[in-house]
1. Grab the other residues whose beta carbon is less than 11 angstrom from that of PHE176, score K and R as +1, D and E as -1, and report the net.
2. With only alpha-carbon atoms counted, please give the Rg and Dmax of the chain, in Å.
3. Among SER244, SER171, which comes first, then next, by fewest other beta-carbon atoms within 10 Å?
4. If you add up the charges near ILE93, with Lys and Arg at +1 and Asp and Glu at -1, over every other residue whose beta carbon is less than 14 angstrom from its beta carbon, what do you get?
5. Where does the chain land at 222 nm, in deg cm²/dmol rounded to the nearest 500, when only DSSP H runs of n ≥ 4 count, each adding -39500 (n - 2.57), divided by all residues?
6. Given the pairs LYS6/LYS174; LYS61/LYS116; LYS116/LYS237, which span a C-alpha to C-alpha distance of over 19 angstrom in this model?
7. Please give, to one decimal in nm, the separation of the simple spin-label points placed at GLU190 and GLU41, each 7 Å out from Cα toward the Cβ.
8. Can you pull the one-decimal nm distance between simple spin-label points at LEU90 and GLU134, each 7 Å off the Cα toward Cβ?
Amino acid sequence: MTNRGKVHVCLSPLEDLPVVDIWLVVDIIRASSVVVTFFDEGGRVLVPVDSVEKARLVREKMGPHWLLMGERDAVPPEGFDLGNSPRDLLGGIPKKYAGAVMTTSNGTRAWIRAWKTGHPVLCAGARNAAAAIERALDGGTIIGILCAGREGRAAMDDTACAGLLVSRILSKKKGFFTDDGAKIALALWETLKEDLGKGVRMASHMEKLRKLGMEDDVDFCCERDRSRIVPEMSEFKGYPAFFSGKEGEK
């Protein structure tokens, strides 16, 4: 008898994480979109870290030919090369660097939490939704979707994106079991009538981006299926790191 597939959605990285075959980690505004764009624009390796201080130390270790990017409270920390806007990477900027070190308020912590479970971790969002789902389904029958959320709590934008991913998975695999988190995300998605931008703009932290004039980032991050890149975590010089779906240095 074939085991029934499952979809688990964790609405925040502070939840107890279930045992899964593979993780899709979502921070649609804006970290997931930044990572996908980094590799779309020719990036080689990206090391996510959970603090500004550690990001500076890792970049110092890697050398000045590495890009230092990220945000706290939506703006780049002092001394960083770039913030957390995927549009700042357009035009092949990542090709000029050997790699990047990145830290954000929520996304990088979620990636590292998933990585510590010992199961494969993929970076997912709207821009690479179709490709990420295909890769996840190739990786097993128990799919985990981890939302980065906001300050340890569930967030409307990531939950809406998780709903998009759940709906796509269920359209490909009939009869998959969905846990309560997946049901909540799917119910939100259906309430939004598949309008991802509407759900994202309902998130509480959108006001900050509006005040900073970053509305164009929201539009960019909500575009669906623009990339076939599915960044996957591996190990690089002792750190968890993203590669563009290829095996990293052990």
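FYI, it's all coordinate maths here, none of it is from the lab. Because the structure is a prediction, the values reported are computed rather than measured. Glycine gets a Cβ as well: all are built from the backbone with ideal geometry, and neighbour counts include every protein chain shown.
1. +4
2. My reading of the Cα-based Rg and Dmax gives 16.8, 57 Å.
3. Ordered by Cβ neighbours within 10 Å, fewest first: SER171, SER244.
4. That sum, taken over residues with Cβ under 14 Å, equals 0.
5. Mean residue ellipticity, 222 nm, calculated: -10500 deg cm²/dmol.
6. Checking Cα-Cα distances, LYS61/LYS116 exceed 19 Å.
7. A separation of 3.9 nm, rounded to one decimal place.
8. Those two pseudo-labels are separated by 2.5 nm.
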